Structure formats: structure tokens, C-alpha cells
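The structure under discussion appears below in the form of C-alpha cells.
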Amino acid sequence: MPAPEDLNSSDQEEYFCTEKDAAADGSHLLHAPGTVDGATASTSAPGLGGNHMTSSWWWRTRSLNAPSPVQQFGPCGRIMKNSAMVMQIQDPASQRLTWYKPPLTVLVIKKVSDASVLAPFVYLVDWLLQEKNMVVWVESAVLEDVQLNENVRFKAIRDKLVTFKDGRDDLTDRIDFIVCLGGDGTLLYASLLFQQSVPPVMAFHLGSLGFLTPFRFDNFEEQLTSVLEGHAALTLRSRLRCVMHRRSDRKHEAKTLEADLDGEARPAANSILVLNEVVIDRGPSPYLSNIDLFLDGKYITSVQGDGLIVSTPTGSTAYAAAAGASMIHPSVPAIMVTPICPHSLSFRPIVVPAGVELKISVSPESRNTSWVSFDGRNRQELFHGDSLRVTTSIYPVPCICAQDQISDWFASLADGLHWNVRKRQKCLDELSDLTASGSEDTLDEIENMKLYDV
């Protein structure tokens, strides 16, 4: 960040904030100097229409968002004012959960076909019913689990549960809170169930990888109580809105246009929101995929290879990472485009702004069709003349953090993917000792000797 004396008057509007505003977004604060380039404490506050400041100005020294750039370039150039510039992005570090009314209904999603999850599931449901007096929802298939029905404790609470059936019952505006027990798949399933606004999700790690499940079940009572009281940080995981345009369906064009103009209030019947990625591949065909890629209506390139991955920042650590893409923090507003085994030495993964619309279609000269899957589900064929449109949805998945956005993500990288794990290089003193010894002892033997001496 520039030093105070390096800022001109236009820069002040980007780097100063009031004590009240800074405290609200959780920034670390330092009192600003009394003058900047000759400006006194009576300098007009940004956005106050020339009124003089009535409170102290402070430096904003921490933000997960980059500083807003100045809009004037030299003495004559500036960015044209646009009435569409209405989007405001809150500093992710200040995103905290709050309940404007106490949550009453909770949906509990557990990992299927895993006996190790049954006991935690029963303890959790019983505690929510007895201690928190909450209405607990579960999928109807859960009640058909033979091992679960043999549990004596579960038999006593079975009739108190409210059930739903996936694909038949709409849970919109009926659930206040979601608890996931299992692996990352339970969070993806929660995203699938709520194709518009998603209740806050608290995910417990009882699965395999657990990259998206930061909580441990050991002290679930204390952790859940804290969250229900509103003491928790949030990570808003963006989702992709995917709409299939079939060549044979002309009526769909008018429906999609109406939904787009209405701000996604009435999503098209064939639209789906994905949390990780949408994958376009060659399916069972032995031929290369030949896929055309458009960005905001402009042709970008053709993908010749096994396929294409369009992922969210959350999905950048999933299939995209296996295909060679970079890993992006979930708070970064972006869409990642990653080719799958491209028949080109120069086709690298790219990151595009979150607000663009991608259009993917089968090239006219392609020898085969393509296949599309959404978070590993709903696999369907993409024919010649069809297209898939992908953009960022306005409905993210609000995931509750165990610590905070930064700590949780790097802990997942270390624990789940063993990111940057290697043996540490020996320091110079140890290497000197090894050289001076003149022996054939290995580094491990010397290290063991040091431990023995201690």
C-alpha cells in the first residue's frame, strides 16, 4: 500500500475510511496523518457531497479485496460513468453469519452407505431435537437404512423426523440451517437440493478427503451452539448457472430471456446450478472432442482433446486441479476454464471474470457429439446445434468456517492435498558437519546422533 505522502487527493477516496466503517468490516486500523499533500482534516469525505469530515479518518490496512483503482488516468482520461455499475462486493474478511430470527428447522444430510456415520448421525439428531427443540428434516431414504433402524436410540426419535424425497419435494424457504455429516459429496448434494437461495451450511468431516468439511465431530455440541448463536465466519462459495439450449426447442429461447431479464428470479426449467464444475467430454467416442468456446458472444477458441472443464474457484481444487489448473481461493470472483488432455502444447488453463457468459457448443466439423455432466450428475448428450451457456449464479453456497476463510482453506490444502509437502533442506551448519566428518554416514544417521546427544 502506498505511503500517506505518496497519495494525491483522488487516491484518498480509495484508501481512507471512517473509524466506524473500518470497524464494521473488521479491518485493522491506524490513525491517518493530519495532512496529505496539503489536505487538512477538513477534506471532504468521499460520497458525502462536499460535507466536511466529522470523524477521524483511518487507513484500511487489510482486505481480501484489492483496493478499488482510481478512475482518472492522467489529466484528461477517466472511466466513463455507467448506470449499470451497481454491484458492490463486501470485503470477504468481514462476512459473518447473523440470524435475523432464530433458526427453527434444520436439514441433516449424512453420507450414504457408511456405517461409521450412523452413530454420529443419531447423536446429532437426538441432540437437535431434545436440547435445541428444532424441527429436523432428513431424506426419506435415510429412514429405510436397515442398520439405522436397529439402533435403539434412533427408534425413539424416528417418528419425530420430517422427511422429504429428492426430486419430488421443494425445500425452498422451508429450511433454516443445513448440517452435513460425511465428505465433500454431502455438500455437493446440499447445493443440488437448493437451486436458488441456500441456507447456511455447516459441514462435519466424516468422509474421505474432507476438503470442504472443516469441522470435527468431537465437540459438535459446543460448535453448533456457537453457530446457532450467530458466532461464525462465512465463505460464500460461488456457483455456476448452466443452461442447455437445444436446437429442437425454440420455445426455450423466450423462457431463458425472460429469466435473464428478471435477475434469475424465475430460472429456466433446464437450468442447473453447480458448485464444483460442469464437464464437457467426448463420452464413449474414440474421436477427439471438437468444442467451440465463446465468451460474451465472441469466439475464443476450439478445444481439441478429451474435453473441457468449466469450474468455480471451489471446483479448482477438484477435477480442474487433476487436469493441471491452478488452485483459486473460493472468495476470488472468477471462472476457470481448463482443457482435458488437449492435443496442443500451448493450451493452458485460463481464468476469466466471474461476470462473463461462456457458450460451449459442438463444432460443426466435429466427428462426434459431446457429453455434459454437472457436478458429476445429470449426464446428458450435447448434439450438433445445441449449446451450453455458463455464467456465475447470484445464489452462492454460504459455508460456515471452523476458523476463518484463510485458515480453513490452507488447512484443507495441507491436510487434504498435502500441498507443498517435502523434506526440508539441511542448513549450512549441518552440511559443514557432514563434510568435516569425512565419514560415509548418511544425513539420517547424523540426525539420529544429534537426537541421541540431546
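The values are calculated or read from the model by the stated rules, or taken from the named source; none is laboratory data. Here the structure is a predicted model, which is why all the values come from computation and not from measurement. Here the Cβ is made from the backbone with ideal geometry for all residues, glycine too, and neighbour counts use every protein chain on show. Calculation scope for accessible area: heavy atoms of the full protein, side chains included, ligands and nucleic acids excluded. Shrake-Rupley method; radii C 1.70, N 1.55, O 1.52, S 1.80 Å.
To the nearest 20 debye, what is the magnitude of the charge dipole of region 96-230 about its Cα centre, counting +1 on the Cβ of each Lys and Arg and -1 on the Cβ of each Asp and Glu? Write down the numbers at each step before the final one.
Working: 13 positive and 18 negative charges, 25 e Å.
Approximately 120 debye in magnitude.
Can you give the Rg to Rh ratio for region 96-230, taking only C-alpha atoms and Rh from Kirkwood? Working shown, then result.
Working: Rg = 13.9 Å, Rh = 15.1 Å.
The Rg/Rh ratio comes out at 0.92.
Roughly speaking, what is the stretch gain from A119 to N219, that is 0.36 nm per residue apart minus the C-alpha to C-alpha distance, in nm to one decimal?
Numbers: separation 100, 0.36 × 100 = 36.00 nm, distance 1.44 nm.
Once the chain is fully extended between A119 and N219, it gains 34.6 nm.
Would you work out what percent of the accessible area of region 96-230, with all protein chains in place, is carbon or sulfur (probe 1.4 Å)? All intermediate terms of the calculation are to be shown ahead of the outcome.
Details: 3140 of 6570 Å².
Reported share for carbon and sulfur atoms: 48 percent.
At a probe radius of 1.4 Å, what is the per-residue accessible area of D218, in Å² to the nearest 10?
So the heavy atoms of D218 present about 140 Å² to solvent.
Calculated FRET efficiency, N151 and L104, Cβ-Cβ r, R0 22 Å, to nearest 0.05?
Details: r = 26 Å, r/R0 = 1.17.
Once the sixth-power term is evaluated, E becomes 0.30.
Tally Lys/Arg at +1 and Asp/Glu at -1 over every other residue whose Cβ is under 13 Å from the Cβ of L209; what's the total?
On the way: positive: K111; negative: D184, D415.
Overall, the nearby charge balance is -1.
With an 8 Å cut-off on Cα pairs and a minimum separation of 6 or more residues, tell me the relative contact order of region 269-357 in percent. Could the numbers behind the result be given before it?
Values: 166 pairs, mean separation 22.8, N = 89.
Here the relative contact order equals 26 percent.
Under the definition of Cα pairs under 8 Å and six or more residues apart, what whole-number percent is the relative contact order of region 96-230? Show your work: numbers first, answer last.
Details: 187 pairs, mean separation 37.0, N = 135.
Relative contact order comes out at 27 percent.
Keeping all protein chains in place, calculate the accessible area per residue for region 96-230 (probe 1.4 angstrom), answer in Å². Don't jump to the answer; show the numbers that get you there.
On the way: 6570 Å² over 135 residues.
On a per-residue basis, 49 Å².
Using 0.36 nm per residue, how much length does the chain from F410 to S248 gain when fully extended, once their Cα-Cα distance is taken away? The partial results should precede the final answer.
Numbers: separation 162, 0.36 × 162 = 58.32 nm, distance 4.66 nm.
Length difference between fully extended and current span is 53.7 nm.
Kindly flag which residue pairs out of K101/K132; K165/K359; K110/K160 have an alpha-carbon separation exceeding 22 Å in this structure.
Listed pairs above 22 Å: K165/K359.
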